[in-house]
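Here's the structure, in structure tokens; my notes come after.
The values are calculated or read from the model by the stated rules, or taken from the named source; none is laboratory data. Remember, predicted model here, so these are calculated numbers, not experimental data. Reconstructed Cβ throughout: ideal geometry from the backbone, glycine too, with neighbour counts over all protein chains shown. Quick note on the areas: whole protein, heavy atoms, side chains included, nothing else; ligands and nucleic acids left out. Shrake-Rupley method; radii C 1.70, N 1.55, O 1.52, S 1.80 Å.
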Amino acid sequence: MIKLYRYTFAVVDLPRLASNVATIRDALGPDVAVLVAAKANGYGHGAVPVARAVVHGGAEALGLASVEEALEIRRAKSPLSLLVLGAINADGAVAASMADIAVTLSGSPEEIENLPTMPKPLVVHLKLDTGMGRLGLRTAEELIATAKAVVARPDLRLVGVYTHLASADDPDGRHAQGQIARFEHALASLTEAGIQVPIVHASNTAGALYHSDWRYQMVRIGIGAYGYSPNSEWPLQLPLRPVMHLYSVITRVATLDAGETVSYGATFVAPRRMRVATVPIGYADGYFRSLSNSGITAVKGVEVPVVGRVCMDQLMIDVTDVEGVEVGDVVTLFGRYSPSSWDGGNIAKCKEAQRAEWIVQTFCRTDRIGEVSLDRVAKLAGTISYELLCAVSPRVVRFYVPLTPERRFS
Ligand SMILES: Cc1ncc(COP(=O)(O)O)c(C=O)c1O
């Protein structure tokens with residue numbers, strides 16, 4: 001049972017996540033495997049629920065940043081293949097082998113030779129840096145030498161080779177095309193050297209969905225699965241919808257006279273007599289301080305601005321022009337507008353044991369009258385959807401729309 005003493009919460013629509021993955025899977029066709037990037041707590045949505053949902057959408061694998069993240073999914077008994085995308089140390093390799101977790105290696109042949117003996121065969125994907133400048137072997141020659149070192153060890157199984165695209169979401173595709181050309185050259189060299197690798201992958205959401213010839217045997221989908229385009233200026237031509245929606249409930253409404261100020265630094269000065277509402281969500285919840293005096297929220301289906309600085313745990317909004325706003329009204333920070341029947345009074349009236357179910361059911365019944373677009377909020381914050389999603393902190397309670405019995409794929 002989820003106790004809620006502060007009504008600041010997210011609704012995570014797992015059927016929607018499954019449906020987004022299914023939509024992407026259909027667009028890719030049956031010959032391309034889908035790895036969903038579930039790192040950083042499933043882009044903030046909750047790694048284990050994400051792992052469960054994407055199975056329903058037809059994903060084959062999950063990508064995690066660390067062995068620690070992968071172990072959390074293994075413990076939850078996910079049937080999916082797991083690949084650690086980040087760098088690991090020797091202990092991490094041993095832990096991964098024991099838990100049947102594939103790892104990314106990009107060290108020298110000596111580093112491969114010096115790895116301890118694995119208790120169980122360790123599945124290896126080699127990474128080539130073709131222009132991201134972050135992780136990976138630098139040349140085709142280095143790739144071949146390391147691949148030979150991997151193949152020489154009976155306790156390592158070379159299963160994949162990949163690269164990561166730095167700017168596949170840039171409509172000027174030249175940088176990404178250059179990366180693919182370098183990758184192709186390395187793949188051809190690998191084949192010439194007599195090394196066969198069954199799973200080749202290069203594309204993130206942008207590579208996979210903007211460029212149909214960069215899909216190879218597998219793609220690594222992150223942001224698209226969670227309902228956003230990698231480039232908010234370049235919409236994906238697929239019906240993908242946001243999975244996470246962030247809400248809070250007004251705790252005070254005050255009438256300010258012209259000239260009175262709001263929040264730290266007194267950066268907002270009331271230009272007229274106005275009504276200002278306090279909302280118990282702040283930068284410690286993941287609502288960026290850079291949204292001070294610029295964020296947009298919604299109350300009673302009307303968009304209203306953040307006024308004054310965003311505090312650690314609270315922020316203020318200007319509700320002067322919204323009829324009848326009172327303590328208990330729900331504020332949408334991003335995502336679908338809150339249901340009209342969904343105020344703090346109603347939330348409070350629910351028995352604690354039924355609250356989660358009531359919130360989720362009411363969310364599901366809502367007419368989709370509008371949405372505070374996360375891409376828009378991200379732009380106002382000077383960042384991207386990815387960062388705002390990951391930033392939603394653990395103290396924001398997540399309510400999950402269940403996958404069964406009610407699977408809403410519409
Ligand atoms: C190696 C790797 N592959 C795939 C992805 C998924 O990217 P996106 O969310 O843009 O689809 C990421 C995310 O940063 C990544 O680091």
Quiz item: Given the C-alpha centroids of region 38-61 and region 293-355, what is the distance between them in whole angstrom?
Solution: 28
Quiz item: Which lysines have a Cα less than 25 Å from the Cα of LYS379, not counting those fewer than 8 places away in the same chain?
Solution: LYS39, LYS300
Quiz item: Mind checking which helices in the chain clear 24 Å along their axis (Cα) and have mean Kyte-Doolittle hydropathy of -1.0 or more, DSSP H runs only?
Solution: 174-192
Quiz item: What does the helix-only formula give at 222 nm for the chain: each DSSP H stretch with n ≥ 4 adding -39500 (n - 2.57), the total divided by the residues, and the result rounded to the nearest 500 deg cm²/dmol?
Solution: -9000 deg cm²/dmol
Practice problem: Quote the Stokes-Einstein diffusion coefficient, in whole µm² s⁻¹, for region 60-221, based on the Kirkwood radius over alpha carbon pairs, a temperature of 20 °C and a viscosity of 1.002 mPa s. | Solution: 134
Exercise. Please give the per residue accessible area of region 1-146, computed with a probe of 1.4 Å over protein heavy atoms only, in Å².
Key: 40
Practice problem: May I ask you to give the average projected area over all directions of the convex hull of the Cα atoms of region 227-311, in nm² rounded to one decimal? | Solution: 7.2
Quiz item: How many percent of the accessible area of the chain is carbon or sulfur, using a 1.4 Å probe?
Solution: 52
Exercise. Considering the convex hull of the alpha carbon atoms of region 144-203, report its projected area averaged over all viewing directions, in nm², one decimal.
Key: 4.3
Exercise. Please sort by residue number the GluC sites (Glu not before Pro) in region 297-328 whose DSSP state is loop and whose Cβ has at most 16 other Cβ atoms within 10 Å.
Key: GLU323, GLU326
Self-check item: P(r) of the chain over all Cα-Cα pairs, binned every 20 Å from zero, in whole percent
Solution: 26, 49, 22, 3
Quiz prompt | Accessible area per residue, Å², region 243-307 with all protein chains present, probe 1.4 Å | solution = 39
Quiz item: How much of the DSSP beta bridge set in the chain is antiparallel, as a percent to the nearest 5?
Solution: 50
Self-check item: Rg/Rh for region 24-141, where both radii come from Cα atoms and Rh is the Kirkwood radius
Solution: 0.99
Quiz item: Under 24 Å Cα-Cα from LYS148, which lysines qualify once same-chain neighbours fewer than 8 residues away are excluded?
Solution: LYS120, LYS127
